[in-house]
Amino acid sequence: MFLAACVQMSSNTDIDANLKRAEQYIRRAADYGASLVITPENTALLGPQFHKVELAEAIDGRIATFFAQLAQELKIHILLGSMAEQRFDEAGKLDQQRCYNTSILFGPAGETIATYRKIHLFDVNVPGGLSINESDSICAGQDVVVADTALGKIGLSICYDLRFPEMYRALVDQGAEMIAVPSAFTLTTGKDHWHILLQARAIECQAWVFAPGQWGQHDAKGMRQSYGHSLIVDPWGHVVADKGHGEGLCLAEIDLDRVRDVRQSIPVQTHRIIKN
């Protein structure tokens, strides 16, 4: 067993301030005894879409190095929920139009264990005024990623991926026992869909689900508002931790025997007929 923590933040366009708050919460989680700490999507920067590309960094740049060093100092696993990662074309030229939305998992020695680039991009026009086109500034990733760690196998995903259950089935097929869903789920969609979708993925995958979220207002005009309610859900679909509103942590003891017990009691992997 081990203790896992999800960090809930209200990030904005002040990168230094965002990193400082993330560090405070990660250190607090480590003081509680957490071996795995996960931050939300867009941890270091969340604001108008056009900021992402011009402020994107290399995969081993300042932001990634900051979390790698923190993981090494605290001797814990840290999943940077996501950052804007620079993208280069086949000729090695920097893409000035789009970047990647990338999760990075660091191990206790500060090593990079896994990197995941968000596959499903949030291009939506919801009645009531919510209109976001993530693909204007983000390039979709291609690879489904499961990280093999000393704590167990963690499937990586980001926010809008949550609506595509076939991706999570692929993660389980690759051995995932736990699934991370760092997010900046909008207030509009989150209040109706967040809990239901996360519990559904936990039940379908018979896996632990870690879902750290952004919360609150991210810009002065209130154009970007996130739902919060960072969750940890067990393999039976029970919500065992819910941060609710405000910044802070939600924590839970993780027992991977629970995964094995649930999968043995209802062996959906064995019973699957349609596999494509």
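The values are calculated or read from the model by the stated rules, or taken from the named source; none is laboratory data. As the structure is a computational prediction, the values presented were derived from the model and not from experiment. Ideal geometry is used to build each Cβ from the backbone, glycine not excepted, and the neighbour counts take in all protein chains shown.
Tabulated results
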| read-out | value |
| --- | --- |
| Helices (runs of 4 or more DSSP H) lying entirely in the range 14-104 (those with 3 or more residues that are over 14 Å from the mean Cα position of the chain (by Cα) and either surrounded by 23 or more Cβ atoms within 10 Å (Cβ to Cβ) or of a type in the set (K, R) (or both)) | 15-32, 62-74 |
| Residue list for the range 243-264, filter: buried (at least 16 other Cβ atoms within 10 Å of the Cβ) and of a type outside the set (V, I, T) | K243, E247, G248, L249, C250, L251, A252, L256, R258, R263 |
| All positions within the range 208-237 that are of a type in the set (A, V, I, L, M) and modelled with pLDDT under 95 | A220, M223 |
| Criterion (over 14 Å from the mean Cα position of the chain (by Cα) and charged (D, E, K, R)) met by exactly one of D136, D161 | D136 |
| Conditions (1) modelled with pLDDT of 95 or more; (2) in contact with a Ser or Thr (Cβ under 8 Å, 6 or more places away or on another chain): number failed by N125 | (1) |
| Residue check for D219: closer than 21 Å to I26 by Cα, surrounded by fewer than 19 Cβ atoms within 10 Å (Cβ to Cβ) and charged (D, E, K, R) | no |
| Residue match in the range 197-206 (condition: touching an Asp or Glu at 6+ places or on another chain (Cβ under 8 Å), of a type in the set (A, V, I, L, M, F, W, C) and either closer than 21 Å to L121 by Cα or modelled with pLDDT under 95 (or both)) | no |
| Residue in the range 137-154 that is within 21 Å of S11 (Cα to Cα), crowded, with 17+ Cβ neighbours inside 10 Å, at pLDDT 95 or above and in contact with an Asp or Glu (Cβ under 7 Å, 6 or more places away or on another chain) present | no |
